[in-house]
Structures are given as C-alpha cells and as structure tokens.
Amino acid sequence: MQPASIDDTLAQLQSRGYFASRELATALFLALAMQRPLFLEGEPGVGKTELAKSAAAMLGTTLLRLQCYEGLDTASALYEWDYPRQIMALRLAEAAGEKPRSDTLYRDEFLLKRPLLQALQPDANNPSAQRVLLIDEIDRADEPFEAFLLELLSDFQVSIPEYGTVRADVPPLVVITSNRTREVHDALKRRCLYQWLGYPDRERELAIVAARAPQTSAALQHRTVSFVHRLRTMDLFKAPGIAETIDWCRALSALSVTELDPQSVQDTLGVLLKYQDDLAQLDTRRIAEALAAED
Ligand SMILES: Nc1ncnc2c1ncn2[C@@H]1O[C@H](COP(=O)(O)OP(=O)(O)O)[C@@H](O)[C@H]1O
Ligand SMILES: [Mg+2]
C-alpha cells in the first residue's frame with residue numbers, strides 16, 4: 001500500500017522485517033510522493049538491496065531487479081528479440097506458402113522484455129500496483145550505460161523501432177544502489193533523491209538481529225551487536241555489515257554458543273571478517289580486549 005506518511009512508511013517497512021532509519025523512511029516516502037528515483041549509497045551489507053525488496057513488498061508488487069556489471073548492454077537491460085523463435089516463425093510461414101510480413105517477426109511474444117522495459121508496463125499479477133525497479137550496484141556498470149539510464153529516467157519511455165513506443169502510465173519507483181567503488185556521474189545523482197546508508201546504531205541493529213536471527217538469546221544478541229560495533233571503530237579494511245552481524249548470530253546459534261568468549265569469537269571470526277589482513281589484526285589479545293571493553 002502507498003504509505004500515507006513517514007511514520008506509516010516506517011511501520012509498513014517494519015512489518016516486513018525492515019528497520020529503516022527515519023531519514024531513509026523520509027527519503028523513500030518522498031521518492032514515492034515526488035516520483036523521483038532514490039539513489040542509495042553505502043558500504044556493502046547495510047541494507048540497500050533489502051530496502052528495494054521491502055518497498056516492493058509494501059507496494060504489493062514483485063521487484064524488478066537489474067544487477068549491473070561491466071559491459072551490461074541494452075539487450076540485457078531493456079529488451080531483445082528472440083531470434084531463434086523469429087526464424088522458426090519465418091520458416092513456418094514460408095512452408096505454409098505465406099509471404100513473410102513484419103508482423104510475422106515482430107510480435108509481442110517474440111519480444112524478450114528485460115527489467116527496464118518491464119518496469120514501464122503494469123504488473124500482470126497486480127495491475128494497480130506501482131512498479132518497483134531496482135538498479136543494483138550501478139558503480140559496476142560503465143559510463144555509457146549511465147548515460148542511457150539518464151535518458152530513460154527522464155521520460156520513462158522507450159521506442160522500439162519494429163514495435164512502437166512503450167511508455168509508463170505511472171512511473172515506477174526506481175531504487176538505484178551503489179557500493180561506491182567509483183563515483184557515479186553527477187547528472188545521474190542530480191535526477192535522484194540521495195540517501196547515504198551508514199551502519200545502524202545499536203538499538204536498530206538489535207531490532208534487526210532480533211527479527212532476522214530470532215533463534216539467538218536476547219543476551220547473546222546484545223553481546224554480538226556490541227562486539228560488532230567495537231570492530232567497526234577499529235581500523236579494518238572491511239568492517240562487518242548488518243548482513244555479517246546476522247550471519248554471526250546464526251553461526252553462533254548453530255554451534256550452540258550461548259556466551260561470547262575469546263575462543264568462540266576466534267573460531268567464528270571468518271563469518272564477520274573476510275580479509276586475511278583484518279583477521280590477522282584480531283589476535284586473541286585484541287579479541288579479549290574488545291570483549292572486555294563492551295558495555
Ligand atoms: N534495515 C534493515 N532491516 C532488516 N534487515 C536488514 C536491514 N539492513 C540489512 N538487513 C539485512 O542484511 C542483509 C544484507 O543487506 P543488503 O540489502 O543485501 O545489503 P547491501 O545491498 O547494502 O549490500 C539483508 O539480507 C537483510 O537480512
Ligand atoms: Mg546489495
């Protein structure tokens with residue numbers, strides 16, 4: 001359902017297990033109200049992709065997701081024609097003695113619609129819902145793709161030479177994310193509402209962990225969240241994100257660990273830290289210090 005206010009946005013996301021900061025809920029509410037794309041930037045694992053999923057669930061539609069990568073082209077992002085089936089249709093027409101016409105070849109059923117094109121058309125399962133399009137990790141795509149995207153976002157229409165123009169009656173909610181491995185072009189950012197996603201405060205991370213790793217005790221959830229917050233103040237190459245905190249709680253409960261001690265932390269550190277230099281920094285002494293410094 002379209003949220004009626006910022007509080008309603010917060011509540012609707014929360015009922016789907018997503019705990020947003022007030023700033024993020026405000027940005028999402030405004031993106032919907034002003035029909036502007038939402039640009040989310042932040043470290044990996046802070047909830048950018050998940051926000052788009054939750055927003056789609058909130059609006060009652062399936063998420064359309066375009067994962068970006070180097071060399072992403074319009075055939076994968078927008079549409080392409082299904083050549084094998086077109087050729088088959090052509091052969092069948094010839095065999096039947098028909099003269100091939102353009103509508104033999106360029107039919108709706110031969111048009112392979114990719115996420116950007118799908119986002120301009122209603123959701124067949126819920127035609128009245130606003131579409132939600134996630135353009136994930138735009139920093140991985142190259143600049144020509146950004147330029148193409150800019151054009152699409154300015155008028156939400158696409159013209160396909162053999163088929164016609166496809167235009168969105170209601171512009172989709174567009175969520176663009178970046179892990180900031182490079183700066184995204186100003187022109188693209190200017191078109192969007194911008195929101196930086198940082199690590200959550202303890203209270204919010206506790207709520208997330210309680211919702212996503214309910215099998216762990218409240219006491220252990222407290223201890224893990226405090227320890228992770230401690231790690232984030234250290235000079236690490238890659239600090240653990242929310243995803244890692246959740247994974248860690250799940251790992252500890254799979255191991256039936258009920259108390260955090262230096263040994264259990266040491267044994268499971270690979271769930272939190274994924275770089276050897278970071279792991280090497282956290283020897284037993286530093287782990288014990290970090291555990292002692294909590295609370
Ligand atoms: N605010 C949040 N509320 C609930 N779960 C969250 C939140 N932020 C992150 N998560 C959890 O962390 C995981 C990783 O988040 P994700 O959206 O994939 O991160 P990103 O896209 O920023 O790299 C999600 O699958 C979700 O379980
Ligand atoms: Mg992501």
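The values are calculated or read from the model by the stated rules, or taken from the named source; none is laboratory data. Keep in mind it's a predicted model, so treat the numbers as computed, not measured. Because the Cβ atoms are built from the backbone with ideal geometry, glycine has one as well, and the counts that use them run over all protein chains shown.
Test Val209 against the stated conditions and say whether it is in the same structural domain as Glu244 (by TED's automatic domain parsing) and closer than 26 Å to Pro44 by Cβ.
yes
Looking only at the range 132-153, filter to residues that are farther than 15 Å from Leu78 by Cβ and touching a helix residue (DSSP H, G or I) at 6+ places or on another chain (Cβ under 8 Å); which one of those is farthest from ligand 2 (Cβ to nearest atom)? Please lay out each step first, then the result.
Step one: of the range 132-153, the residues farther than 15 Å from Leu78 by Cβ are 132, 134, 136-140, 142-143.
In the following step, the residues that additionally are touching a helix residue (DSSP H, G or I) at 6+ places or on another chain (Cβ under 8 Å) were identified as 132, 134, 136, 138.
Details: Val132: 15, Leu134: 9, Asp136: 6, Ile138: 11 Å.
By that ranking, first place goes to Val132.
Picking from Asp82, Asp103, Asp123, which residue would you name as being touching a helix residue (DSSP H, G or I) at 6+ places or on another chain (Cβ under 6 Å) and of a type in the set (D, E, K, R)? If you could, list the steps in order and put the result at the bottom.
On the way: Asp103 fails: touching a helix residue (DSSP H, G or I) at 6+ places or on another chain (Cβ under 6 Å); Asp123 fails: touching a helix residue (DSSP H, G or I) at 6+ places or on another chain (Cβ under 6 Å).
The match here is Asp82.
Pull up the range 1-22, narrow it to residues that are assigned to a loop (DSSP other than H, G, I, E, B) and buried (at least 18 other Cβ atoms within 10 Å of the Cβ), then point me to the one that is farthest from ligand 2 (Cβ to nearest atom). Even if it seems obvious, please write down each step before you answer.
Initial filter on the range 1-22 (assigned to a loop (DSSP other than H, G, I, E, B)): 1-5, 15-21.
Then keep just the ones that are buried (at least 18 other Cβ atoms within 10 Å of the Cβ); that gives 3, 18-20.
Details: Pro3: 23, Tyr18: 13, Phe19: 17, Ala20: 15 Å.
If we take residues in the range 1-22 being assigned to a loop (DSSP other than H, G, I, E, B) and buried (at least 18 other Cβ atoms within 10 Å of the Cβ), then Pro3 is farthest from ligand 2 (Cβ to nearest atom).
What is the number of the single condition among (1) modelled with pLDDT of 95 or more; (2) within 23 Å of the chain's Cα centre (by Cα); (3) of a type in the set (Gly, Ala, Ser) that Ala251 does not meet?
Against the list (1) modelled with pLDDT of 95 or more; (2) within 23 Å of the chain's Cα centre (by Cα); (3) of a type in the set (Gly, Ala, Ser), Ala251 comes up short only on (2).
Pull out all pairs, ordered by first then second residue, where Cβ-Cβ is under 8 Å, the residues are six or more apart or on different chains, the first lies in the range 212-227 and is in the same structural domain as Thr268 (by TED's automatic domain parsing) and aliphatic (A, V, I, L, M), and the second is assigned to a helix (DSSP H, G or I) and surrounded by fewer than 19 Cβ atoms within 10 Å (Cβ to Cβ).
Hits for this filter: Ala213/Arg250; Ala213/Ser253; Ala218/Ala210; Leu220/Ser253; Val225/Arg202.
I'd like to check which helices (runs of 4 or more DSSP H) are fully inside the range 123-215 and have at least 1 residues that are farther than 30 Å from Leu252 by Cα. Even if it seems obvious, please write down each step before you answer.
Working: elements: 143-155, 186-191, 202-212.
Per the criteria, 143-155, 186-191.
Restricting the search to the range 23-54, which residues are within 8 Å of ligand 1 (Cβ to nearest atom), among the basic types (Lys, Arg) and either farther than 14 Å from Cys192 by Cβ or not in a helix (DSSP H, G or I) (or both)?
Of everything in the range 23-54, just one residue is within 8 Å of ligand 1 (Cβ to nearest atom), among the basic types (Lys, Arg) and either farther than 14 Å from Cys192 by Cβ or not in a helix (DSSP H, G or I) (or both), namely Lys53.
Regarding Val158, is this residue within 30 Å of Gln86 (Cβ to Cβ) and touching a residue at least 40 places away in the same chain (Cβ under 8 Å)? It would help to see each step written out before you state the result.
Numbers: within 30 Å of Gln86 (Cβ to Cβ): yes; touching a residue at least 40 places away in the same chain (Cβ under 8 Å): yes.
Taking the combined requirement at face value, the residue satisfies it.
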